[in-house]
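Here's the structure, in structure tokens; my notes come after.
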Amino acid sequence: MTTASAPGKVILFGEHAVVSGTPALGSAINLRARVIVEDLPGRLEIEACNLMLRGFSLDLTTGRVSSPGVLDAIKYVSAVLKEFHADGLRVKVDSDIPPAAGLGSSAAIVVATMAALNKHMSLGLSREEIASSSYKIEKTVQQGMSSPMDTAVSTFGGYQLVSETVHGIDLPEMHIVVGCTEKEHNTRSEIQKVQSLRSRYPDIVEPIFCAIGAISTRAVPLIRDNRLEELGHLMNFNQGLLEALGVGTRELSELVYAARGAGHSLGAKLTGAGGGGCMIALPSTAGSLSILVALEQARGTAFEVKTGGAGMRLET
Ligand code: MEV
């Protein structure tokens with residue numbers, strides 16, 4: 001039996017623009033997906049255990065059960081099994097990362113599955129090879145456009161500055177508040193929406209991407225030097241530009257404004273693809289409590305995460 005785990009992520013700055021090669025800064029968080037692989041001669045089974053499900057429905061006419069988190073997890077795990085011609089195995093997945101929320105749950109499942117298979121089947125893949133194969137698989141399952149952000153952060157952990165290339169950066173841990181709307185999002189359709197705006201209005205969208213890239217680059221020394229007030233301003237700038245790209249929603253804005261209006265909040269923005277999912281807020285050193293309360297009062301689900309966590313690893 002082999003167990004591996006991999007972290008979820010927050011994109012601190014630069015989502016969407018990164019799909020066109022502009023710098024974005026992401027970080028691993030202390031929520032993880034775990035995958036156990038064990039021998040099951042003659043069979044191949046995937047078992048999804050606790051996946052932080054938020055939606056579940058039963059169609060009484062067809063008897064079909066629909067739960068996007070479970071279906072997505074199974075889709076991603078089976079893509080990895082197929083890639084490595086795996087057989088005679090049971091794969092069990094569980095995860096603390098809310099699915100379809102912009103927190104990198106599918107990348108974490110792909111990376112953890114690959115890390116467990118790598119050991120169990122003695123595939124001999126390096127960490128770099130796991131990152132690039134995971135990216136390839138995530139991109140295939142999402143049918144096309146995406147950046148290496150989620151799979152790189154999940155594989156290597158810490159902070160990753162992603163453009164056309166991926167660079168790990170050594171930065172201190174931060175506490176970030178996450179607020180989730182009830183609305184799951186579809187990463188692929190949000191990316192498509194932004195990319196078609198870019199084709200239609202390149203003279204408007206390219207400068208927005210460029211400004212977003214400048215924000216990501218400026219954020220790095222601010223985190224290093226603990227200049228959190230300025231970092232909060234950059235989050236607010238980035239949120240305005242994401243709104244201009246059309247990936248904001250009323251529910252996300254309500255959480256962003258609730259967080260900004262709370263005491264001890266330095267800035268807030270959506271994180272990930274938008275169109276639903278989650279936002280993040282940066283608390284001052286006085287703590288997160290007032291932001292957590294404000295987000296819950298605005299009908300969000302709120303929790304605190306730590307940035308800069310460990311990447312994929314084998315568990316004993
Ligand atoms: C999704 O978490 C972030 C996007 O930038 C897409 C990607 O980077 O793959 C929207």
Surface accessible to a 1.4 Å probe, GLU304 within the full protein complex, Å²: 80 Å²
Antiparallel DSSP beta bridges within the chain, percent to nearest 5: 90 percent
The chain - Kirkwood radius from inverse mean 1/r over Cα pairs (Å): 19.6 Å
Extension gain from ALA214 to ARG200, taking 0.36 nm per residue of separation minus the Cα-Cα distance: 2.8 nm
In degrees, nearest ten, helix 202-224 long axis to first principal axis of the chain (Cα): 90 degrees
Rough spin-label spacing in nm, given labels placed 7 Å along Cα→Cβ, for ASN226 and ARG90: 4.9 nm
Two-site FRET efficiency, THR316 against LYS136, from Cβ-Cβ distance with R₀ of 30 Å, rounded to 0.05: 0.55
Length added when fully stretched, ASN30-ILE74, from 0.36 nm per residue minus Cα-Cα: 13.6 nm
CD proxy at 222 nm, helix term only [per DSSP H run n ≥ 4: -39500 (n - 2.57); per residue of the chain; nearest 500]: -13500 deg cm²/dmol
Solution diffusion estimate, µm²/s, Stokes-Einstein, segment 146-246, Kirkwood Rh from C-alpha pairs, 4 °C, viscosity 1.567 mPa s: 84 µm²/s
R0 of 51 Å, Cβ-Cβ distance GLU296-SER122: FRET efficiency to nearest 0.05: 0.60
Rg to Rh, two decimals, where segment 2-169 supplies the alpha carbon set and Rh follows Kirkwood: 0.98
Ellipsoid equivalent to segment 175-306 - semi-axes via the Cα gyration tensor, in Å: 25, 19, 10
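The values are calculated or read from the model by the stated rules, or taken from the named source; none is laboratory data. Only a predicted model underlies this, so the values are computations on that prediction, with no experimental measurement involved. Don't worry about glycine lacking a Cβ; one is built from the backbone with ideal geometry, like all the others, and counts go over all protein chains shown. Calculation scope for accessible area: heavy atoms of the full protein, side chains included, ligands and nucleic acids excluded. Shrake-Rupley method; radii C 1.70, N 1.55, O 1.52, S 1.80 Å.
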